[in-house]
Amino acid sequence: GVNLSPADGKVCSFDCLYCEAGFNSQGAGSAGLPSRADVSRLLEEKLAAMRADGVSLDVITFSGNGEPTLHPHFADIVDDTLRLRDCYFPMAKVSVLTNSTRIDRPDVVAALKRVDNNILKLDSAIDATVSLVDRPNAASFNVAGLLERLKEFSGTGIIQTMMLRGEWEGRCIDNTTPLEVEALIEAYRAVSPKEIMLYSLDRATPAKSLVKVPQEELEAIAARITEATGIPVKVN
């Protein structure tokens, strides 16, 4: 894993109710973002040690406790990572988990297209649900604009959707309803990703009332999506 956020805080353009890193109210901490040089150095040290020990590597994943594409040198760090991957573990994949808020930037889009797996968030195709669950920092953020930007990854991107239920501040949360699923199907059709990933809660969440969707229900929703779109759906 590669974490481009501060080690002692959180920097994210969403404030998701389900984020295992906690709410943004914890603050950004005092460590600051890791430098490009430090990320490259630490990654090379780790890869060199793994190769020396005969340890295999399947994937290098950008995730962590915040949004990786917010780093001002994200594109450069991706290039450094690909170079090091090619040197030490050329068969390994490079993946980026992103909340899709920065794909209005050409440099971010280009960098995401260079990695093996660009995994882009779309938790709902209904603005009210996105506002309630993902809680974007930007008041101008909306689903219609997001879908237009996601089309840039047609045939190459992986759309990841968190399915969940619960309540927050007296409001019901459930993006598994027929209305929500049909809206997602239309969005997936419009974006046409190479794959869809459905998952549900796996760790403690800052909003304590959220509920994990059972595996068999996720699989039923996945089957409905594939039937309607022809896009393969992976359930995690």
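The values are calculated or read from the model by the stated rules, or taken from the named source; none is laboratory data. Remember, predicted model here, so these are calculated numbers, not experimental data. Cβ atoms come from the backbone with ideal geometry, glycine included; neighbour counts cover every protein chain shown. Note: areas computed on protein heavy atoms with side chains; ligands, DNA, RNA excluded. Shrake-Rupley method; radii C 1.70, N 1.55, O 1.52, S 1.80 Å.
Counting Cα-Cα pairs of the chain in 10 Å increments starting at 0 gives whole-percent bin shares of 7, 31, 36, 21, 5, 0. Which Cys residues of the chain have no other Cys Cβ less than 4.7 Å away and so no disulfide-compatible partner by this rule? By the Cβ distance rule, which asks for a partner under 4.7 Å, the isolated cysteines are 12, 87, 172. DSSP loop GluC sites (Glu not before Pro) in region 1-96 with at most 12 other Cβ atoms within 10 Å of their Cβ, which ones? The qualifying sites are 20.
Could you tell me which of rounded, prolate or oblate describes region 1-107, using a ≥ b ≥ c as the square roots of the eigenvalues of the alpha-carbon gyration tensor, with rounded for a/c under 1.5 and, failing that, prolate when a/b is larger than b/c and oblate otherwise? Note, shape of region 1-107 comes out prolate.
Counting only DSSP H runs of at least 4 residues, each contributing -39500 (n - 2.57), and dividing by the residue count of the chain, the helix-based mean residue ellipticity at 222 nm comes to -11000 deg cm²/dmol.
Along its principal axes, region 136-236 has C-alpha extents of 36, 36, 24 angstrom, given from the largest down. Across the alpha-carbon set of region 70-148, the Rg to Rh ratio works out to 1.05, Rh being the Kirkwood radius. Loop-located trypsin sites (Lys or Arg not before Pro) in region 140-235 (DSSP state other than H, G, I, E, B) with a sparse environment of at most 13 neighbouring Cβ atoms within 10 Å: 203, 208.
One Cα centroid belongs to region 1-74, the other to region 137-185; the line between them spans 24 Å. Taking all protein chains together and rolling a 1.4 Å probe, residue 140 ends up with roughly 90 Å² accessible. Checking every one of the GluC sites (Glu not before Pro) in region 121-184 against DSSP loop status and a limit of 12 other Cβ atoms within 10 Å picks out 169. So how tilted is helix 178-191 from the main axis of the chain? Cα-based, degrees 0 to 90, rounded to 10. Relative to the chain, helix 178-191 is tipped by roughly 50 degrees. As a fraction of the 1.4 Å probe accessible area of the chain, surface on carbon and sulfur atoms comes out at 52 percent.
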